[in-house]
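The values are calculated or read from the model by the stated rules, or taken from the named source; none is laboratory data. As the structure is a computational prediction, the values presented were derived from the model and not from experiment. Cβ sites come from the backbone with ideal geometry, for glycine too, and all protein chains shown count toward neighbours. The area values use the complete protein model at the heavy-atom level, side chains included, leaving out ligands, DNA and RNA. Shrake-Rupley method; radii C 1.70, N 1.55, O 1.52, S 1.80 Å.
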Amino acid sequence: MKGLSKSFGDLEVLKNINMEIEKGKVVTIMGPSGSGKTTLLRCLNALEEPTTGEFHFEDGFHVNFNQKLKKQDLLTLRRKSGMVFQSYNLFPHKTALENVTEGPLVVQKRDQQAVIEQAKRLLTKVGLQDKMDLYPYQLSGGQQQRVGIARALAIEPELMLFDEPTSALDPELVGDVLNVIKELANEGWTMAVVTHEVQFATEVSDHVIFMDGGYIVEQGTPQKVLTNPREERTQQFLQRILRPSL
Amino acid sequence: MFLLNNTFVFTITEGTAGWELIKQAFWPMVEGGIKYTIPLTLISFAVGLLLALLTAVMRLSRSRIVRAPAAFYVSAIRGTPMIVQLFIVFYGLPNIGLTIEPFPSAVIAFSLNVGAYASEVIRASISSIPKGQWEAGYTVGMTNGTTLRRIILPQAARVSVPPLSNTFISLVKDTSLASLILVAELFRQAREIAARTYEFLILYIEAAFLYWIICFILTVLQELIERRLERYIAK
């Protein structure tokens, strides 16, 4: 990804971001609120269309946001990533199982029997084998978020995007969701995760990006960025979230 | 022909009164209800809803050129009396060589009317669905159209039912206006009989009761539909 920027009106939220997400690696994006980290993630699947910049994929597919985005390119780009939202955004009128099968059946038109089998496997993997026929309102936040993960996995993306997946959860439910994400990391999924969980970021990421004010302040291995940060802003931020002053 | 075919009506003459009159007037009115009031309501509502959906989607478009005609249509219909619209279609259009029978005239006017009012209801309920639902649709690969159809409209339908039921019940009663363009519906029958017997009070109250019964049944149906659509909502 090269020269990415994003403006809302006069407000430039992302300023000339360059980054790379290697296949099979986990990239964590951290930073104070308002730093642009969620916007950056949402640019990766064009939920926010970048104002400038280019994406290049290994398979040769590329998108240039300096020109008007073609509808087909937009769909291809979205097809490459699965997204997990902070507020889950499950389809409330569909059961857990139907949430997971919706993309593969309706958009990808895959074989119904195979899709249902896969959805059941994914829901079992996230620990919801006995909740498949429940509607979202019958599930806890942590369970809903795990359905969200299964739904994103079901479209068989190349890249999984997580937008603060545990920020809306009660503290005791965070662990289950993080464990699922860790498991995916171990299986070799390529992932970009926006999170405030420093401990988790240290454990699972291969690469950490620290953002502030729309810029990438610092990036590198978790040891480099989270354990021994060079930049003052990174140090300040980590101090504040690790030892919250009351 | 959709003109008067009330064979019963002419057997009722001046001097028939009281319960006898109520009984004798009952079947012509019910017949008017079954043959005209109810079909007129159902057809106009169905056509109106399709118009409304189209109009609502047009009004939510990003393009001005798409939005403008829809906004014009809604403004024109909501800004003019229904009776005037009805008269334009039935009495006005023949002046430019377009003569339409009473019943289809009524269907046209009522459909256009429902389309404008219901489009506002549908537009509001689509807007009430959180943006995250659109985004979730996009992230599983859906286009705008598929997201609207599969994700947004089923949820918007639930929000729409109570206000649309209002429109529907209003429509049942508004069809009585069709009596003014010679449709032999329920109220037209009441007026015919009243004109022969001078028993206005009894007959109009009887007509009112019949409308009330129809609307009461519809309200019960509305509750059934609401309960069905709310099965995935936390109680």
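Below are the figures for this structure:
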{"read-out": "Probe 1.4 Å, protein heavy atoms only - accessible area per residue of region A:4-242 in square angstrom", "value": "45"}
{"read-out": "Other-chain or far-sequence residues with amide H under 5 Å of A:Gly31's (modelled H)", "value": "A:Met211"}
{"read-out": "Rounded, prolate or oblate (a/c below 1.5 giving rounded, otherwise prolate when a/b exceeds b/c) for region A:4-242 by Cα gyration tensor", "value": "oblate"}
{"read-out": "Dipole of the protein assembly as shown [Lys/Arg +1, Asp/Glu -1 at C-beta], most positive-end residue of A:Val225, A:Ser33, B:Leu186", "value": "B:Leu186"}
{"read-out": "Placed amide H near A:Val208: partners under 5 Å, 5+ positions off or other chain", "value": "A:Thr28, A:Gly220, A:Thr221"}
{"read-out": "Shielding by partners - mean other protein chain Cβ count within 10 Å, residues of A:84-92", "value": "5"}
{"read-out": "Tilt relative to chain B, helix B:18-32 - C-alpha long axis, 0 to 90 degrees, to 10", "value": "40"}
{"read-out": "Loop trypsin sites (Lys or Arg not before Pro), region A:92-198 (other Cβ atoms within 10 Å of the site Cβ: 15 or fewer; DSSP)", "value": "A:Lys109"}
{"read-out": "Residue-by-residue Karplus 3J(HN,Hα) for region A:218-227, coefficients 6.51, -1.76, 1.60, Hz, glycine and proline x", "value": "7, 8, x, 5, x, 4, 5, 7, 9, 8"}
{"read-out": "Surface accessible to a 1.4 Å probe, per residue, for the residues of region B:2-232, Å²", "value": "50"}
{"read-out": "Total accessible area lost when A and B pair, probe 1.4 Å, Å² to nearest 100", "value": "2000"}
{"read-out": "Rounded to 10°, Cα long-axis angle of helix B:200-229 versus longest principal axis of chain B", "value": "20"}
{"read-out": "Placed amide H near A:Phe162: partners under 5 Å, 5+ positions off or other chain", "value": "A:Val84, A:Ala192, A:Val193, A:Val194"}
{"read-out": "For chain B, built as a Gaussian network whose Cα springs stay under 10 Å, the top-fluctuating residue of B:Pro130, B:Pro102, B:Pro69", "value": "B:Pro130"}
{"read-out": "Percent accessible area from carbon and sulfur atoms, the protein assembly as shown, protein chains only, probe 1.4 Å", "value": "58"}
{"read-out": "Above-threshold pairs, the threshold being 27 Å between Cα atoms, out of A:Lys71/A:Lys131; A:Lys15/A:Lys70; A:Lys71/A:Lys109; A:Lys70/A:Lys94; A:Lys25/B:Lys131; A:Lys80/A:Lys224", "value": "A:Lys71/A:Lys131; A:Lys70/A:Lys94; A:Lys25/B:Lys131; A:Lys80/A:Lys224"}
{"read-out": "Under 20 Å from B:Lys173, Cα to Cα: aspartates and glutamates that are on another chain or at least 8 residues apart", "value": "B:Glu31, B:Glu185, B:Glu192, B:Glu206, B:Glu223"}
{"read-out": "Semi-axes of the equivalent ellipsoid for chain B, Cα gyration tensor, largest first, Å", "value": "41, 22, 12"}
